[in-house]
1. Among the listed pairs LYS19/LYS175; LYS30/LYS52; LYS30/LYS190, give every one whose C-alpha distance is greater than 31 Å.
2. Can you work out the Karplus-derived ³J(HN,Hα) for every residue in region 73-84? Use 6.51 cos²θ - 1.76 cosθ + 1.60 with θ = phi - 60°, whole Hz, and x for glycine or proline.
Amino acid sequence: MISYLSLFVIIFGYYYFLKPANTADFDPGKFATFFIMIIVSQVVCNTALILKRCSGSLNKNIGAAFLITFIPWFVIFGITNLILLMMPEMKAVFADVVGYFWVSSSANQILVDLLVDANVQRDISLIQSPEEKSKLQIAADAIVKICSDKSLLINQITPLNFDKYWNGVLNPLMKQQYKKLGSPENEEMKKKFFAVVLSRDNVGEAFWFSYMAVLLLSLTNFKIMSYQCETDAATMKQTHGEYLEQKAAVENQTTSSTVYKV
């Protein structure tokens, strides 16, 4: 239980304190700090488990605990992070469900403030130019689809394609005060929306890490339970002495509690 608790606290701390909140760029130094904190916490917990199961000295068991912990974490957790870096679309497995649920309220509010009213059909009939009318009709259709189910839009925007959507797809649909790229109003709204998109992406990544962490904890616990305990002569002598003391105490208790009847 302590292993799980410490692990989830570290994962939460990484996203709350270490990972940058305004960029999607990977920071090797901060991730290395995150990984080292996980390894240290799990080595401590696994060493305690081995000592409880096998007794013996700390020096003799900490090496085994380190190997049982480090090898699977380095291989499996490292490969998972590498896959997410090379194929960030894999985050969508959790980001499109849990991530959307996490940011849906704030994302919907931003989109309501950002985009024009969905009821624009009444304005299209007033346009004389066929070309302009066609453009507005396309925009109106897009607005209706987005406003009917905003997850269609939110789940398609990631930190990597954010600028493409902001400058291209969303710009024609923005309210007049936000349309000018680079204006203070546009930049402020862009910063808010990017924070929402990044939060959704981070939730997807965090759930991948948590999923792999549960798998690794199960694997290391199995390894510890099947670990062949190493004991030295001093430990065996101490264990034997404790056994003899317990046996003598039980015998004395039995003798003293014996009742003789005449």
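1. Beyond 31 Å: LYS19/LYS175; LYS30/LYS52.
2. Here the 3J(HN,Hα) series is 5, 5, 6, 6, 5, x, 5, 4, 5, 5, 5, 5 Hz.
Laboratory data are not the source of any read-out in this text; all were calculated from the coordinates shown. The model shown is predicted, which means the values in this text are computed figures rather than measured ones.
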